[in-house]
Structure formats: C-alpha cells, structure tokens
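Encoded as structure tokens, the structure appears first; notes follow it.
The values are calculated or read from the model by the stated rules, or taken from the named source; none is laboratory data. Since the model is a prediction, treat every value here as computed from it, not as a measurement. Virtual Cβ from ideal backbone geometry, glycine too; neighbours counted across all protein chains shown. All accessible areas refer to the heavy atoms of the entire protein, side chains included, with ligands and DNA or RNA removed. Shrake-Rupley method; radii C 1.70, N 1.55, O 1.52, S 1.80 Å.
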Amino acid sequence: MKATSQAIETHVATLCRTPLLIGAIAEHLREEQLRAQPRPNDWSLVELLAHLQACAEVWSDDIERMLALDAPSFEKPHPRQLMRRH
C-alpha cells in the first residue's frame with residue numbers, strides 16, 4: 001500500500017509534534033510521578049520514553065528509507081525476532 005503525500009505529511013508532523021507535547025506534560029511532573037506505574041505491570045512515563053527512544057534508534061534508518069524511496073527493501077529482521085534468538 002502506497003501512502004499519499006498528505007498521509008506522509010500528517011505522520012511526519014505528528015512525529016515532530018509529539019516530543020514537544022510529551023515535554024510540555026513532563027516538565028510539570030515530579031520525579032516520583034515520572035517513575036510511577038499507573039497500575040501494576042504498566043510502564044511508567046520514564047519507561048515509555050526509554051522504549052520510544054529505543055524504537056527510534058532501531059527504526060529511524062528504515063523510516064527515512066521508506067520516506068525517501070519509492071520501493072524500499074528491508075534486509076534486517078524485526079527486533080522481536082532478534083530477541084527470540086538470544
């Protein structure tokens with residue numbers, strides 16, 4: 001499925017805006033609030049942000065390739081496949 005230019009622009013705008021929104025929310029929270037789990041087994045805001053950072057590191061090259069190329073190909077396995085091997 002090929003994304004439209006407008007869909008790509010919308011997604012890129014969301015990606016650009018999201019860190020600003022998270023920062024605006026987080027700057028008003030105390031350290032214990034940032035690290036608190038809302039419910040047992042739920043991730044804290046700090047854990048969620050660490051996960052998003054890890055995803056960005058793993059997938060940023062692929063995302064750039066998807067935006068730049070008409071038919072990008074991907075040779076590396078999904079991170080879950082790598083985790084299952086170890």
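Within the chain, the longest segment free of exposed loop sites, counting trypsin sites (Lys or Arg not before Pro) that fall outside DSSP classes H, G, I, E and B and have at most 16 other Cβ atoms within 10 Å, spans 31-86.
Rounded to the nearest 500 deg cm²/dmol, what is the calculated helix-only ellipticity per residue at 222 nm for the chain, with -39500 (n - 2.57) per DSSP H run of length n ≥ 4?
Here the helix-only value at 222 nm equals -22000 deg cm²/dmol.
The largest accessible area among L34, L52 belongs to the first residue in L52, L34, and the rest follow in falling order (1.4 Å probe, all chains).
Across all Cα pairs in segment 38-85, the calculated P(r) in 10 Å bins from zero up to the longest distance comes to 22, 37, 29, 11, 1 percent per bin.
The largest accessible area among S60, S44, S73 belongs to the first residue in S73, S60, S44, and the rest follow in falling order (1.4 Å probe, all chains).
Across the accessible surface of the chain, with the other protein chains kept in place and a 1.4 Å probe, carbon and sulfur atoms take up 59 percent. If you sort D61, D42, D70 by accessible surface, 1.4 Å probe, largest first, the order is D70, D61, D42.
Here is the list for segment 1-69: GluC sites (Glu not before Pro) lying in DSSP coil, each with at most 15 other C-beta atoms within 10 angstrom of its C-beta, are E27. H51 sits with roughly 80 Å² accessible to a 1.4 Å probe, with DNA, RNA and ligands left out of the calculation.
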